[in-house]
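Below is one structure, written out as structure tokens, with a few remarks after it.
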Amino acid sequence: MVSRRSRSPVLAILSEVETPRLTLRRMQFDDAPMLVRLMNEPSFIENIGDRGVHSIEDAHRYLREGPMAMYEKYGFGLWHTALKDGTFVGMCGLLKRDNLPDPDLGYAYLPAFWGQGIAYEAADATLVHCARKFGLKRALGVVSEGNAGSIRVLAIW
């Protein structure tokens, strides 16, 4: 089940997607500490790369130049992904890269939440939502050759 909801006037403008277990929403500057944690996980650096997010200030820059710029330009981007109780698990969303013809499904999760179907659940909800809201007909998935977990998630489609 994918639905939109708003909890406050501020969040009403932030696209929210919900699944039975997860809430996905636009990232905010308050999410910076969680991004610093996620983006400095050894698995993130190994599979995605070092994005230079090592401090709160770095995370603010990343948010401003990355997800928030995408929201402004395309209406979508990477979303903060949390359990229904608010526990941050990672991020999932679409990215529009200049070198790709279609949006790219991107996601990263804290290792404590791997192997629970969260990546698939969030990716599926993201794609369904973006197909309905933005008319998305196709999305790409770019993954490191050795990232078996992400390959399994993308192979389901």
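Probing with 1.4 Å while keeping every protein chain in the model, the per residue accessible area of the chain equals 53 Å².
May I have the convex hull volume per residue, in Å³, for the Cα set of the chain? Don't skip to the end; give the middle numbers.
Values: hull volume 18.2 nm³, N = 157.
In the chain, the Cα hull volume divided by residue count equals 116 Å³.
Given R0 = 25 Å, the distance between the Cβ atoms of D58 and L83 translates into a calculated FRET efficiency of 0.45. About the centre of its Cα atoms, the chain shows a dipole size close to 660 debye [charges on the beta carbon of Lys, Arg (+1) and Asp, Glu (-1) only; nearest 20 debye]. Max-minus-min Cα coordinates of the stretch 72-157 on each principal axis give 33, 32, 20 Å, with the largest extent listed first. Ligands, DNA and RNA left out, the accessible area of the stretch 56-112 computed with a 1.4 Å probe is 52% carbon and sulfur.
If you count, for each residue, the other Cβ atoms within 10 Å and average over each peptide, how do 99-112, 135-148, 69-82 line up from highest to lowest?
Details: 99-112: 16.4, 135-148: 12.6, 69-82: 19.2.
Top to bottom by mean Cβ count within 10 Å: 69-82, 99-112, 135-148.
The values are calculated or read from the model by the stated rules, or taken from the named source; none is laboratory data. Everything quoted here is computed from the prediction, not taken from an experiment. We place every Cβ from the backbone using ideal geometry, glycine too, and count neighbours over all the protein chains shown. These accessible areas exclude ligands, DNA and RNA; they are computed on the full protein's heavy atoms, side chains included. Shrake-Rupley method; radii C 1.70, N 1.55, O 1.52, S 1.80 Å.
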